[in-house]
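Read the structure below first, then the notes.
The values are calculated or read from the model by the stated rules, or taken from the named source; none is laboratory data. Because the structure is predicted, anything quoted here is derived from the model rather than measured. Note: ideal-geometry Cβ built from the backbone for every residue, glycine included; neighbour counts use all protein chains shown. Side chains included, ligands, DNA and RNA excluded: accessible areas come from the protein's heavy atoms. Shrake-Rupley method; radii C 1.70, N 1.55, O 1.52, S 1.80 Å.
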Amino acid sequence: MGRWLSFSCMALLLGGCATQITRIDPQETVDISGAWNDTDSRLVAEEMIADALSRPWLSDFARQQRQRPAVIVGSVRNLSHEHINVNTFIADMERALVNSGRVDFVAASSSREEIREERKDQDLNAREGTRKAAGQEQGADFMLQGQINTIVDAQAKEQVRYYQVDLTMVDLADNRKVWLGQKKIKKYIKNSKVRW
Amino acid sequence: MGPPVIHPPPRRRRPERCAALLLVLALQSCSVSQQQANDLADGLQNAGPEQVLGALGKLKAQQRDRSQRLMLSGLLKLLSGDFEGCILDLETAKQLLAGVQAISISETLGAVTINETLRVYAGTPGERVLLHEVLALAFVLQGQLEDARVEILQADALMRTLARGDALDGQVASTRYLGGLVFELLGEWSDAMISYRKAAEILQQRGQHIPVALQDSLLEISARMGLDAEHADYRAAFGDRGAPLAYSRGEVIALYWDGIVSRLRQSLLAVYVPELQQTVSLALPYYPARQANARHLTIRCATAQAGTQVLEDVDALARQDLKAREAAIYAAALARVVAKSQAVRAAQRDNPYVGILTNMATLFTEVADTRSWNVLPSSIQVARVTLAPDEDAVTVVGAGLPGAMTVPVVPGSKNVLLISSVSQRTFSHVF
């Protein structure tokens with residue numbers, strides 16, 4: 001009986017484990033499930049924007065127009081197998097673009113509406129010297145669009161996830177594609193067949 | 001000096017007795033809580049999802065039942081119109097289920113010594129796929145087609161993992177159909193065609209009738225994509241419906257959830273074995289015989305009408321899943337009988353009273369695992385009706401509803417409706 005009880009109690013006790021929380025550096029890479037994570041988002045955004053900024057479209061524009069190009073980030077479609085928060089990816093790209101100091105950055109359409117509402121409000125309520133006039137917005141010269149695709153190959157407990165991020169910089173004047181960027185990530189995930 | 005006082009030796013407390021009692025009490029309270037959660041599903045048809053959801057929230061849940069509770073609450077929230085709550089619960093349940101698919105040593109130990117309810121709820125293959133389908137539907141009803149697309153892709157990956165040769169383990173036709181619909185609404189015709197084709201293949205393999213809505217989609221998209229040979233095959237199989245209709249037409253795509261899936265019951269066998277001088281018990285889960293046949297709805301427009309047809313027999317899918325795991329359940333039950341019998345014999349040798357107590361403990365702890373996603377519909381049905389150019393309402397009638405329902409629609413648009421016989425409400429989104 002003692003043995004049966006020992007086994008039973010052990011089985012009950014081992015069924016659950018206490019929650020453990022540890023604070024970690026946001027830059028630290030932690031892969032838990034193998035899904036797209038903050039590190040993927042940050043690294044892909046930084047690498048692709050670095051690539052975009054090193055290509056001739058930027059210097060060509062600066063030479064012809066004698067100013068920095070204004071860029072707007074359009075839509076990035078998530079066509080992957082995962083619920084990827086595209087907003088964090090877009091924010092990472094915006095940060096990398098703005099911090100480069102080589103392009104001007106204009107607000108996306110959703111933000112612009114809010115800003116226009118604020119200008120309207122200023123027209124009514126702000127002191128004359130501090131009001132911002134309508135119709136003075138800077139138009140973008142280029143739009144960055146993209147999509148995230150995945151191919152998943154799974155068999156039993158093994159899985160290969162292939163992510164492909166495609167970004168395109170389009171000249172808003174004539175719809176020319178001036179830069180095409182691509183970043184690929186491949187992950188091999190092997191789930192344990194046995195757990196404690 | 002008086003005679004020496006002889007104290008009797010202190011009674012040796014047997015920790016086993018206390019442990020056995022505590023173990024039995026703990027396990028009984030767990031099984032009672034699981035039983036109460038199961039009973040709630042029975043009242044769903046009469047009480048409605050909101051009331052059952054409230055009652056479910058008051059029940060205490062063990063950590064190992066958390067995924068099941070989230071699946072129950074998520075579905076009830078969908079039927080109550082709380083799509084965001086549904087998505088939150090089902091996404092959490094999905095992550096929990098993904099984390100417990102590996103075989104657990106401690107839980108297996110518990111299953112072969114005490115009972116199967118000590119396992120963390122891992123869902124059946126059919127339930128895991130349907131989880132993606134319900135999530136996808138919640139996203140569709142919120143107008144979030146790209147998130148619905150993600151769920152469909154995940155369901156596809158899962159179904160490919162679960163497929164074993166020609167067997168239909170974990171293959172769900174309604175999930176494939178919904179995938180086709182999502183791709184169609186996104187204008188991704190090639191993927192829509194593949195999904196509809198797979199839905200039809202599953203139904204054909206099962207020997208099930210292909211609903212007219214699916215037949216129409218196969219005919220229309222194969223023509224649209226210029227798949228002439230395949231289109232000719234469908235025309236030969238489904239009949240000549242004339243020229244394919246323009247995609248820009250207004251349409252109602254009605255998904256009807258009829259009834260409630262059967263819930264698992266416990267079959268308990270307890271026999272006194274004179275040779276062993278103990279009562280041996282065995283509890284196994286089973287599905288009772290089906291009581292009701294599928295009921296259908298009719299969607300009436302000004303110029304046309306269509307009856308809903310069964311796309312997925314969820315009840316049959318649940319029974320198929322139980323059948324697939326019967327061998328493992330029986331093996332664990334047999335091991336449990338031997339383990340418990342040995343424990344009682346060891347206790348009897350030690351002390352006959354402890355033997356009786358242990359025998360009682362083994363009887364009380366013998367409980368079948370009757371956990372399931374028992375608020376799913378019994379069947380998932382579909383119908384598609386083309387709207388007249390200015391039509392702004394359709395009428396829905398059927399045995400599962402209290403009376404005729406008038407549902408507003410947007411002319412010239414794709415109106416996706418979810419109608420449930422349980423909530424007797426209609427949810428829709430216009431694309």
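Overview of values
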| read-out | value |
| --- | --- |
| Qualifying positions in the range A:150-196 - of a type in the set (S, T, Y) and open to solvent by less than 30 Å² (accessible area, probe 1.4 Å) | A:T150, A:Y163, A:T168 |
| Enumerated helices (runs of 4 or more DSSP H) restricted to the range B:267-383, each holding at least 1 residues that are more than 13 Å from chain A (Cβ to nearest Cβ), among the small types (G, A, S) and within 28 Å of the chain's Cα centre (by Cα) | B:314-324, B:326-350 |
| Subset of the range B:51-68 that is more than 14 Å from chain A (Cβ to nearest Cβ) and open to solvent by less than 20 Å² (accessible area, probe 1.4 Å) - its residue that is nearest to B:H132 (Cα to Cα) | B:Q68 |
| B:A368 vs. criteria aliphatic (A, V, I, L, M) and either in contact with a Pro (Cβ under 6 Å, 6 or more places away or on another chain) or free of Cβ contacts under 8 Å to residues at least 40 places away in the same chain (or both) | yes |
| Boolean, B:D166 is at pLDDT 95 or above and away from every other protein chain (no Cβ under 13 Å) | no |
| Complete set of residues in the range A:29-76 that are of a type in the set (D, E, K, R) and either modelled with pLDDT of 90 or more or surrounded by 14 or more Cβ atoms within 10 Å (Cβ to Cβ) (or both) | A:D38, A:D40, A:R42, A:E46, A:E47, A:D51, A:R55, A:D60, A:R63, A:R66, A:R68 |
| Test: residue in the range B:111-122 that is closer than 22 Å to B:S174 by Cα and either in contact (Cβ under 8 Å) with a residue 40 or more places away in the chain or within 14 Å of another protein chain (Cβ to nearest Cβ) (or both) | yes |
| Any helices (runs of 4 or more DSSP H) falling wholly within the range B:79-182 and containing at least 1 residues that are aromatic (F, W, Y) and under 19 Å from the mean Cα position of the chain (by Cα) | B:83-98, B:125-141 |
| From the options B:V100, B:V150, B:V140, residue that is at the interface with chain A (Cβ under 9 Å from one of its Cβ atoms) and either aromatic (F, W, Y) or touching a residue at least 12 places away in the same chain (Cβ under 8 Å) (or both) | B:V100 |
| Residue tally, condition in contact with a Leu (Cβ under 8 Å, 6 or more places away or on another chain), open to solvent by 10 Å² or more (accessible area, probe 1.4 Å) and part of a helix (DSSP H, G or I), over the range B:203-216 | 2 |
| The range B:398-415, residues that are surrounded by 15 or more Cβ atoms within 10 Å (Cβ to Cβ) and either touching a Cys at 6+ places or on another chain (Cβ under 8 Å) or under 27 Å from B:D42 (Cβ atoms) (or both) | B:G398, B:G400, B:L401, B:M405 |
| Residue check, B:A200 farther than 27 Å from B:R425 by Cα, of a type in the set (A, V, I, L, M, F, W, C) and either modelled with pLDDT under 95 or outside any helix (DSSP H, G or I) (or both) | no |
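Per-residue answers, yes or no, for (1) of a type in the set (A, V, I, L, M, F, W, C); (2) within 14 Å of another protein chain (Cβ to nearest Cβ); (3) part of a helix (DSSP H, G or I):
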| position | (1), (2), (3) |
| --- | --- |
| A:T39 | no, no, yes |
| A:L43 | yes, no, yes |
| A:E47 | no, no, yes |
| A:S59 | no, no, yes |
| A:H81 | no, yes, no |
| A:V98 | yes, no, yes |
